[in-house]
1. Starting from the Kirkwood radius over alpha-carbon pairs of the stretch B:173-274, derive D by Stokes-Einstein at 37 °C in a medium of 0.692 mPa s and give it in µm² s⁻¹.
2. Just flag the trypsin sites (Lys or Arg not before Pro) in the stretch B:1-106 sitting in loop per DSSP whose Cβ has no more than 16 other Cβ atoms within 10 Å.
3. Determine, for A:Glu183, B:Glu502, B:Glu357, B:Glu513, the number of other Cβ atoms within 10 Å of each Cβ, and report the residues in order from fewest to most.
4. Between B:Val126 and B:His34, how many nm apart are label points set 7 Å from Cα along the C-beta direction?
5. Classify the stretch B:472-573 as rounded, prolate or oblate from the Cα gyration tensor: take a ≥ b ≥ c as the square roots of its eigenvalues, call it rounded if a/c is under 1.5, otherwise prolate when a/b beats b/c and oblate if not.
6. Kirkwood-based Rg over Rh for the stretch B:297-428 (C-alpha set), two decimals?
7. In Å³ and rounded to a whole number, note down the convex hull volume per residue for the Cα atoms of the stretch B:365-465.
8. If I take every Cα pair under 8 Å that is 6 or more residues apart in chain B, average their sequence separation and divide by the length, what percent do I get for the relative contact order?
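FYI, it's all coordinate maths here, none of it is from the lab. Source: prediction; values computed, not measured. For neighbour counting, all protein chains shown are included, and Cβ atoms are generated from backbone atoms with ideal geometry for every residue, glycine included.
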Amino acid sequence: MSSENGKRLPETDAAGLNFEATELTLGLPGKSRVTSDGGAKLGSKRGFSETVDLSLGDKKDTNKLGQTQSQIDAREAAPGSKAQVVGWPPVRGYAKRGKKSCKYVKVAVDGAPYLRKVDLEMYNTYQQLLASLEDMFSCFTIRNFLNEKKMDQVNGIEYVPTYEDKDGDWMLVGDVPWQMFVESCKRIRLMKNTETVELAPRTPPKWSRRS
Amino acid sequence: MMNYFPDEVLEHVFDFITCHKDRNSVSLVCKSWHRIERYSRRRVFIGNCYSISPERLIARFPGVKSLTLKGKPHFADFNLVPYDWGGFVYPWIKVLAETGIGLEELRLKRMVVSDESLELISKTFVNFQSLVLVSCDGFSADGLAAIAANCRFLRELDLQENEVDDHRGHWLSCFPESCTSLVSLNFACLKGEVNLGALERLVSRSPNLKSLRLNRSVPLDTLQKLLMRAPQLVDLGIGSYVHDPSSEASNKLKHAIQRCKSIMSLSGFLEVAPRCMSAIYPICGNLTTLNLSYAPGIHGNKLTKLIQHCRKLQRLWILDCIGDKGLGVVASTCKELQELRVFPSDPFGAGNDAVTEEGLVLVSAGCPKLNSLLYFCQQMTNAALITVAKNCPNFIRFRLCILDPVRPDPVTNQPLDEGFGAIVQSCKRLKRLSLSGLLTDQVFLYIGMYAEQLEMLSIAFAADSDKGMLYVLNGCKKLRKLEIRDCPFGNAALLEDVGKYETMRSLWMSSCEVTLGGCKTVAEMMPSLNVEIINESDQTEFNLDDGQKVDKMYLYRTLVGHRKDAPESVWIL
């Protein structure tokens, strides 16, 4: 996947780094889409941080094409990378053309006596995956960071969905675009909440219900 | 004169009119024609399942036998629509079942189909013959099992690109021994395993089987056995196709394939080893349809060698790893080509194997009958589009997707307005157009001026101002579906002529400049439209200020008012 994704989440949320200031979004030729509060940019209102690495400039910076200088810079800086925006290119998610279909990964839940397997290719979104996992392990509730009120705590234990990626690191489910997740996920573990206190993110994962 | 004919005669005449548009026209001639037509109508097409209710459908066409329904908007294919948006077929099945309709055929696209629905179909409609599901979801192998087990006269089970939970592959065994009527069986989209023995027996007892599309779990030796039992096949979808060309198994397969002298359509190759392709050369000469777009890893020489055998090809779906040179081979070989689709093999990657404007120009020059195109490419030039427009004035569908959404002409650095302008000016029969690349308002001026037959237009990341949208709405009199994303069209464009939307099936606008206030105005002015706002962000973020820009708006004409099944993320104004 492109390494030019503007969303870099540093190890620590240190020094009051304002992510929104560094956030890059796709703009239209000649049109500035930045609003004053920065947070309501249309370009960033996406299910995933699949928004793009072309940054915006002021109108006065546009050339005769209507492209801002920063758009041109961004394109030149990342010659091989594709703009990654939700729903672009318009190819059906189903059509796993050129890719192996069928990606079964093990799912472990702390406290369950046996593991299950899910085929990640069966789902299009995090929401679908977690709904399915909740069905599979129906006695547990899976922590849904962005929808706290939807949870009903049956036995008071929450589980945090994590996964092991290609590098062997344990990651929180939901930070990267769905397709990227499917490609890099090797196995899934639903961790008991108490263990994850240290991991509790101050910025919740980018994934939300709309994906 | 016609007034003196008894109804039966008129009905007999109307029997020859099968196209639903023509039948709609017939029904408008006079009251008696309207009456006769409605009682004799057997096939009904409903392009938007929320435009009408099942009750009203049956009231008007009590003799309906075949129903086609479409649900979610097209952009649902690209994850722009929440999965629970709607499009449920169950309410339709329930009403049809309750009113004793003798349904025989059901064709659904982008609808949510539950196992319950499938069971109800299988148990209610005694003469049910044909189920075609395209891009649907919501069902599992259990639903398929019900269809297999209970539909005694099933002829067609065609599953295309559905999301099916089929962990249990038992459904194929549910076809009873008495079921011998199958003509078409397509389960290529299923991911799980199937009972191979049951499949072989089913094919053996289906002498009318003409179309068989397998999924990737069906191994080579089974394929060979199936072909031996069904040499009459016309359409074959191969699942797994990996073998050692020098082996006994491969020889047996070659022999089996050669017996299938009627195969005109070939697809699948969901798993394939390129060196095996030579086994199918013997049947390539008859092929009119070839779909290799699911076959990863066939590149260069192997692909072109294959294509060189396919002189009668009319429809070709392929991956962009064919390259411009490969398209040159297509151009010189496939003189009968009418439809070409080139898909990206690596949509998010660097695109080393890809096609450019050169490949398209070659095909346009070599294939004068080309009328339908879907082309994903790295780049496009105005000069190329102008040449294509000159070479191929017969386009009915022209869908171009440049992978970088705002890329200009790389040679001149200009927008692609002139190129697309040439296409719409030259192709007088153009019904469907998708644009991409850097585009200004100018291209929309051309579209409004020249695209007189245009019915469907897809726009993304284009235009400079409201004028773009206005040119289209004012100019394209036959426009039925307009879908727009990431364009600077706002309320002024949206509100200019709200009556126009009643002449269309639907309008989609996402990430544009329209506000909640603008959408509310449309809804107030046009009670015959449902105006839906889709908002998938956290509810607390969504504020009700009319000045707030709307993320996604979908509006459509309807005779039955607001639907009652919308999820939380959809607000109907």
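1. Details: Rh = 13.6 Å.
Reported coefficient: 241 µm²/s.
2. Details: sites: B:Lys21, B:Arg23, B:Lys31, B:Arg35, B:Arg38, B:Arg41, B:Arg42, B:Arg43, B:Arg56, B:Arg60, B:Lys65, B:Lys70, B:Lys94; in loops: B:Arg41, B:Arg42, B:Lys65.
When the trypsin sites (Lys or Arg not before Pro) of the stretch B:1-106 are filtered for loop state and at most 16 Cβ neighbours within 10 Å, B:Arg42 remain.
3. Ascending Cβ contact count within 10 Å gives the list B:Glu502, A:Glu183, B:Glu513, B:Glu357.
4. 3.4 nm
5. Cα axes put the stretch B:472-573 in the oblate bin.
6. When Rh is taken as the Kirkwood radius, the ratio is 0.95.
7. Values: hull volume 8.5 nm³, N = 101.
Dividing the Cα hull volume of the stretch B:365-465 by its residue count gives 84 Å³.
8. 6 percent
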